[in-house]
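Novice: Can you read through this structure? Questions will come right after.
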Amino acid sequence: MLSTKERLCRERQKRRLRLLKITLCFFCFVCIVVGSYQLVHQPWFSFGNIEIVGTRNVKNEDVIRTINLQESVNLFLIDRNHIKKALEQDFRVEHVETSYVWPNILKVEVTERQPAIYVKCAYGGFAQVDFNSRVLNVSKGIKDASVPFVSGVSIGNAYLGDKVQENDVEKIVIFLSKLDKSLLSRISEISVDGQNKVKIIMLSGVPILVGDVDSLEEKVATFITICNEIQSKNIDGYYIDLTFAKPYIKVKQ
């Protein structure tokens with residue numbers, strides 16, 4: 001039989017061995033964690049993809065180039081705030097949202113600026129302006145009839161991405177921003193005369209006298225109601241006057 005001293009000595013050896021095993025296991029665990037962290041944070045360690053949605057005028061290649069990434073990326077190295085800020089520097093982009101989609105996709109949702117009007121600018125050109133008064137395009141002519149033309153107003157020199165400072169333009173785009181797409185598509189032209197009175201000409205040819213440009217926003221609800229009424233009741237009029245407290249429709253006999 002072992003003496004008490006020998007038993008104590010063996011127990012101390014077992015405890016030391018057990019402590020050594022625990023220490024080695026912990027050290028190995030730390031090495032694995034640190035090594036894995038370093039591995040997945042290497043630029044060449046690509047395990048994710050970028051999905052870009054919402055783009056129409058902005059090409060996906062432009063988005064990839066702007067954020068300085070490849071389509072196959074390391075999601076651990078992605079700075080989503082950088083992506084958002086970089087893309088929103090593009091004058092064609094209004095807003096950007098990013099999110100992760102299981103299992104390995106970075107989703108980039110781009111909201112592009114939408115054209116609201118065409119308006120004359122310097123050197124015989126025409127500027128396409130969005131609903132925030134930003135210049136989206138400048139050309140020698142009006143390329144399409146997708147948005148109404150504002151006559152009687154000129155904004156001078158127009159550069160891509162600039163905010164138009166012309167008061168009449170700002171008031172008009174604010175007014176248009178409150179209309180739905182269906183109603184917007186029925187507007188052909190917006191005319192501003194020398195007294196800053198606004199006349200909206202519909203595709204049907206019916207002119208609607210809205211009143212002073214500075215009071216446009218107050219006429220939104222009335223304009224929507226009248227337009228819906230003449231469409232639903234198929235009213236054929238010479239003109240519609242919204243400058244009075246009660247709208248007046250001059251009906252064709």
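The values are calculated or read from the model by the stated rules, or taken from the named source; none is laboratory data. Keep in mind it's a predicted model, so treat the numbers as computed, not measured. Neighbour counts run over all protein chains shown; Cβ positions are idealised from the backbone, glycine included.
Novice: Consider L106 against the criteria (1) touching a residue at least 24 places away in the same chain (Cβ under 8 Å); (2) in the same structural domain as K178 (by TED's automatic domain parsing): it satisfies all of them except one. Which criterion is unmet?
Specialist: The failed condition is (2).
Novice: Any residue in region 204-214 that is in contact (Cβ under 8 Å) with a residue 24 or more places away in the chain, surrounded by 12 or more Cβ atoms within 10 Å (Cβ to Cβ) and of a type in the set (D, E, K, R)?
Specialist: For region 204-214, residues in contact (Cβ under 8 Å) with a residue 24 or more places away in the chain, surrounded by 12 or more Cβ atoms within 10 Å (Cβ to Cβ) and of a type in the set (D, E, K, R): present.
Novice: Next question. A158 versus (1) at pLDDT 90 or above; (2) buried (at least 19 other Cβ atoms within 10 Å of the Cβ): which is the lone unmet condition?
Specialist: Status for A158: all satisfied but (1).
Novice: Could you check V101 against (1) surrounded by fewer than 18 Cβ atoms within 10 Å (Cβ to Cβ); (2) of a type in the set (A, V, I, L, M, F, W, C); (3) assigned by TED's automatic domain parsing to the domain that holds S177 and say which number it fails?
Specialist: (3)
Novice: Do any strands (runs of 3 or more DSSP E) entirely within region 186-245 hold 1 or more residues that are at pLDDT below 90, and if so, which?
Specialist: Working: elements: 187-192, 197-202, 207-212, 237-241.
It comes to 197-202, 207-212, 237-241.
Novice: Which of the residues that make up region 121-149 are under 21 Å from R186 (Cα atoms) and among the charged types (D, E, K, R)?
Specialist: Listed by number, the residues that qualify are D130, K143, D144.
Novice: Can I ask one more? Failed condition for V138, given (1) over 20 Å from the mean Cα position of the chain (by Cα); (2) closer than 28 Å to F244 by Cα; (3) surrounded by 15 or more Cβ atoms within 10 Å (Cβ to Cβ), with all others met?
Specialist: (2)
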